[in-house]
Amino acid sequence: KVVLMIKNEALSHYIDPAFVYRFNHGPNIITSREQALRDGLNCEALAHLALRDLTNVALPSNLRCYEMYHDTEYFRNIETSEILQEGDLFWFGQNRNMRPVDFQPQFNNGELTNWDEYPVKHMALFTGEHAHDGSPLLLHATYVTGTNSVWSLPEFEKYPQSKKLYGVTRLK
């Protein structure tokens, strides 16, 4: 696997094999880059940290994948005709017949308990750069490489958890 480098300094320091992918280490556990380097992180925590570095906006730690995808206080949906900006979030998931809006969430003590039924499974952050073929380059934490990686958009289609692009959102 080729490690792609990016020019944006706020994001490039997240491309380091010292970061270890940890499925359960989201923004409710990981609150700093130093802690992420020590304990590992998932795609949610990476998005929180990277957006904070890019925009100085600290998102609430309870905004996890499901909550962030549906959030309208901090995020807005991006139309396909809009020009992408650094930090735009790409939302991926399994290619299911269920639409995210049809999902019926179940919570226990503030935690989504039926997340495995939710079609959106992964998020990646637009780096502000494009691959040679013009596709967006996206930073994400992934089990595939075991660390943070930069992939072009078509790369995500190769894996079941990110086969379908469900949308793009932007911090307001």
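Here, each number is a calculation from the coordinates, and none is a lab measurement. This is a predicted model, so every value here is computed, not measured. Cβ placement follows ideal geometry from the backbone for every residue including glycine, while neighbour counts extend to all protein chains displayed.
Structural remarks
- Taking Cβ atoms as reference points and 15 Å as the exclusive limit, the residues near N62 contribute a net charge of -4, counting Lys and Arg as +1 and Asp and Glu as -1.
- Estimated at 0.36 nm per residue, the fully extended path between N95 and V57 surpasses their Cα-Cα distance by 10.5 nm.
- With a simple spin-label model that places each label point 7 Å from the Cα along the Cα-to-Cβ direction, the separation between D39 and T145 comes to 2.4 nm.
- Computed [θ] at 222 nm, deg cm²/dmol, the chain (DSSP H ≥ 4; -39,500 (n - 2.57); rounded to nearest 500): -4500 deg cm²/dmol
- Distance (nanometres) between label positions extended 7 Å along Cα→Cβ at E9 and E67: 3.2 nm
- In region 79-154, GluC sites (Glu not before Pro) in a DSSP loop with at most 10 other beta-carbon atoms within 10 Å: E79
- Alpha-carbon geometry of region 90-149: the Rg and the Dmax are 14.7, 46 Å, given in that order.
- Within a Gaussian network of the chain (alpha carbon springs, distance under 10 Å), most fluctuating of Y14, Y66, Y143: Y143
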